[in-house]
Number of protein chains: 2
Amino acid sequence: MHGAPCESVGVARAEAQPNANGNENMKTAAIIGGGVIGGGWAARFLLNGWNVRVFDPDPEAERKITDVLDNARRSLPGLGNVALPAEGALTFHPTIAEAVAGASWVQESVPERLDLKQKVYGELQQHVARGAVIGSSTSGYKPSQLQEGFDNAAQIVVAHPFNPVYLMPLVEVVTTDANTPEVIDKAKAIIAEIGMYPLHLKKEIDAHVADRFLEAVWREALWLVKDGIATTEEIDNAIRYGFGIRWAQMGLFETYRVAGGEAGMKHFLAQFGPCLTWPWTKLMDVPEYNDELVDLIAGQSDAQSGKYSIRELERIRDDNLVGMMRALGNTNWGAGALQNTHDKAREGAMGLASTMQDVADLSQPVLTLNRTVPLDWTDYNGHMTESRYLDAFAQSTDRMMAIIGCDADYIASGGSFFTAETHIRHIDEVHAGHPIQVRTRVIMAEGKKMHLWHEMYEGERLLATGEHMLLHVDLKTRRSAPPAPHLAENLAKFAEAHAGLPTPDGLGRAIGAPR
Amino acid sequence: MHGAPCESVGVARAEAQPNANGNENMKTAAIIGGGVIGGGWAARFLLNGWNVRVFDPDPEAERKITDVLDNARRSLPGLGNVALPAEGALTFHPTIAEAVAGASWVQESVPERLDLKQKVYGELQQHVARGAVIGSSTSGYKPSQLQEGFDNAAQIVVAHPFNPVYLMPLVEVVTTDANTPEVIDKAKAIIAEIGMYPLHLKKEIDAHVADRFLEAVWREALWLVKDGIATTEEIDNAIRYGFGIRWAQMGLFETYRVAGGEAGMKHFLAQFGPCLTWPWTKLMDVPEYNDELVDLIAGQSDAQSGKYSIRELERIRDDNLVGMMRALGNTNWGAGALQNTHDKAREGAMGLASTMQDVADLSQPVLTLNRTVPLDWTDYNGHMTESRYLDAFAQSTDRMMAIIGCDADYIASGGSFFTAETHIRHIDEVHAGHPIQVRTRVIMAEGKKMHLWHEMYEGERLLATGEHMLLHVDLKTRRSAPPAPHLAENLAKFAEAHAGLPTPDGLGRAIGAPR
């Protein structure tokens, strides 16, 4: 990553708002055990304005937590649309006693050994404030096992997070009758305050909820690899091109509710229930499929999703899938990379040029975009949203650059065009699902300057114009510099050929100038 | 959805490119059995330029497929960044014989009964071209079961898709020794041509791959609900706020590879392996955990992901997670809705006003954005990408609108401001992870017009300016109309107070005008 986290932290600090809570004690977390999980907790608290005090006897602990923090500072602050508060202070301490001073939250993330965890709690309870919450990151132990034998068992809860802890919202909160309502409420409030989701289980159970699923899938995956049915990569693809991306937005039951259609959850269960006795489950212990179980599940599903019709849920699902897959397209990963490959294979057939040789008639505006308005480009009223006009024009500029020779290889060699100024005029509206095309003219190309004019159409209907002044830059110095000769030559060809076209309406206009 | 699919289809048809393949026979698919799955296949083929011929004795078949098509036309065409070819023709036929005329692909999606499927194949093979592929959507049967007893077994394969078929890329292709390499290659090529991912299993197995996972998770979920550990909604949340969103981009093994850290996949397996004997797995049949299994899995994982370091994989993962969660933020769903709630709770503390009363000093520019540049706002070189400047300015405009009273309620009542023109000047660069703030001035407010000036800063460093002319519109007529009196009054207060500020540098400038 370019950019200095220290600098940006400095700025954030200088502009810090006072803590809403004011009370410094409310805002200190002690992290017992670093590593990937403890480091993730440290980052969550720190970036949400808490002071974080770490105890970990590992001499590598500071480096490991710094590594996690680097990742967290890079990704978490921009996740939301509102800046985070100023970072708290991160300190390392040689003893548990010193680490927990002033802490209202203690997070234990030591290795999964009950004796070790209990030893830590024994030492903790000698030093920590009686009102502080002790959360355990354990993925397997029940809270009753952790609490056993302790005087102040009430303050010990399971708070099981998911990696990367600085980004994943889920925290499984598991408690027992020994925990007071005050402790439970405080635990849930603090978890929510640092931007996470406290899932409070109704009863304690080995491995909580999520890890039971992970364990079930893991077992199945081991069989599939061992039996040579599919490789690890193929299994990962089976997940991420299919149910993984469905589950990311709706989970299991709501996904099936949609699949069941208007006939409802009971109908779905009636179809799926018999599968429980299919051959591949014969070795497994399964719950009895009876009316009671059906009523329980269908009733809960109604309470969860009954406010939406299946048609509504289908469209919500599709909006989410399109948005997520297009987000993966931006990183060229998973289902998004698949789509990019598919697009690339089709662009020639859709009239899009990649090089000068592909341009049939230099004298005409160049087709630089030929696409459909995607669902994630629209606002609450279903119209293409303002910034996506510039997104489309920027894609057109990229294609125009590639055509004249400013392609990925050229950019890797150290030159590119940067946009200096943009003027967009919105002429007419367009909705998701409608086809749009952008045609591009070179108005002027002189030295470092490239002056482009984009027109966006749906069919014959003009939707918007974009006037753009770009400067060629040296990517090392970040200063303007002349383009390579072959780029200048190609640009000049377009500028000369396009000079024969009539002057576009609106060229060179200022905002608010009379038409 | 607003907009007429017929219209847009009409436009697409009028501008259709000739089929790359030319041969009409290459481009006809027969769909045997409609419903959600058959309809999804029909939509996939149709929207990718194939003619689709449907056979389904259900009198409701045409309506059901039309419903699926409505959803598909709404979401699929914009998924990629290149327009789809012109739609093919959709026809319904009273017999299998008629439906398969000219088809190079036949997709069978009849109910999951082997006798019924075999009856369909028997009729199919009397009429379909010998070189056509017959794909079965079966989620449970092995291809050898489907092929049994047929003369031309070679043309029958399993092609198991996932709902919604028009969006989900995964197709499990399962074959036997009876299938020729030509049939297998043709099947995979056609699946790829319609934008899907053919996962060709190495061996046939009951329920293929993905459904074995779904079945394992389903069993576990039934236990959890039955035993009262969590409700269906809580289980869905456990999935979509945690591993679901991880799996959407990396699946199971690559996710664990990252979790294992630099020590590698073998180290991870050594940690996780013992879990196979933990108490909650005692009822399950599990593979023996030995060196052979470890070598197999670690070796495949190296082949899959070994080209990236763990640090690289962590950052790729985080880029993906941020992009997907922010996509879900746009639809206010799942993990994105969680983040939006968290943002909303913090905006006051970060100095962002929601109403006139929140604005401390009317005479100064208004803080309308206070955020960090997120990972998904940057381009390949790590700088904030062009269109996101307008995204940020548009968010500032939305906040300014809300402050003067043009909030969600007002918009729901039928009035809003639309942007007519925008002029952006890029002054300096900014990177992901850096804090940005936008301050906004009202330059002029007269009648229906609102003229705004946004300045974007990182600390004291000016990054960009945005000059925007907006018009108040009646959302019913889509024509400009005066705003409600309280909006006009609030706007006038700002315009008057801001008139005392010095004229901004660059106001009213046209593109390319001398500075």
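Quick look at the values:
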quantity	calculated
Residues satisfying the stated conditions in the range A:372-401, i.e. assigned to a loop (DSSP other than H, G, I, E, B) and of a type in the set (Phe, Trp, Tyr)	A:TYR380
The range B:171-197: number of residues that are in a strand (DSSP E or B) and modelled with pLDDT of 95 or more	4
Of residues in the range B:460-515 being farther than 19 Å from B:ARG425 by Cβ and among the β-branched types (Val, Ile, Thr), the one modelled with the highest pLDDT	B:VAL473
From the options A:GLU193, A:GLU182, residue that is facing another protein chain (nearest Cβ under 9 Å) and either touching a residue at least 60 places away in the same chain (Cβ under 8 Å) or of a type in the set (D, E, K, R) (or both)	A:GLU193
Flag for A:PRO365 being more than 7 Å from chain B (Cβ to nearest Cβ) and either in contact with a strand residue (DSSP E or B) (Cβ under 6 Å, 6 or more places away or on another chain) or not hydroxyl-bearing (Ser, Thr, Tyr) (or both)	yes
Residue count, the range B:469-508 (criterion: over 39 Å from the mean Cα position of the chain (by Cα) and of a type in the set (D, E, K, R))	4
Residues of the range B:41-50 that turn out to be buried (at least 24 other Cβ atoms within 10 Å of the Cβ) and either within 11 Å of chain A (Cβ to nearest Cβ) or assigned to a strand (DSSP E or B) (or both), as a count	1
Which numbered condition A:LEU369 fails, given (1) part of a helix (DSSP H, G or I); (2) buried (at least 18 other Cβ atoms within 10 Å of the Cβ)	(1)
Of residues in the range B:198-212 being closer than 26 Å to B:LEU46 by Cβ and either part of a loop (DSSP other than H, G, I, E, B) or hydrophobic (A, V, I, L, M, F, W, C) (or both), the one farthest from the other protein chains (Cβ to nearest Cβ)	B:HIS208
Complete set of residues in the range A:334-350 that are farther than 30 Å from B:THR255 by Cβ and either more than 7 Å from chain B (Cβ to nearest Cβ) or hydrophobic (A, V, I, L, M, F, W, C) (or both)	A:GLY348, A:ALA349, A:MET350
Positions within the range A:425-439 being modelled with pLDDT of 95 or more and either outside the structural domain of A:VAL359 (by TED's automatic domain parsing) or touching a helix residue (DSSP H, G or I) at 6+ places or on another chain (Cβ under 6 Å) (or both), in sequence order	A:VAL438
Residue tally, condition more than 27 Å from B:ASN320 (Cβ to Cβ) and either in contact with a Ser or Thr (Cβ under 6 Å, 6 or more places away or on another chain) or in the same structural domain as B:GLU234 (by TED's automatic domain parsing) (or both), over the range B:366-394	2
Matching residues, the range A:396-440, being basic (Lys, Arg) and in contact with an Asp or Glu (Cβ under 8 Å, 6 or more places away or on another chain)	A:ARG425, A:ARG439
Any hit, the range A:213-223, residues being at the interface with chain B (Cβ under 7 Å from one of its Cβ atoms), in contact (Cβ under 8 Å) with a residue 24 or more places away in the chain and of a type outside the set (Gly, Ala, Ser)	no
Restricting the range B:152-163 to residues that are under 35 Å from the mean Cα position of the chain (by Cα) and modelled with pLDDT under 95, the residue that is nearest to A:GLY260 (Cα to Cα)	B:ASN163
Wholly within the range A:218-336, helices (runs of 4 or more DSSP H) carrying at least 2 residues that are modelled with pLDDT of 80 or more, of a type in the set (Ser, Thr, Tyr) and over 29 Å from the mean Cα position of the chain (by Cα)	none
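The values are calculated or read from the model by the stated rules, or taken from the named source; none is laboratory data. Owing to the predicted nature of the structure, the values given are computational and were not obtained by experimental measurement. Cβ sites come from the backbone with ideal geometry, for glycine too, and all protein chains shown count toward neighbours.
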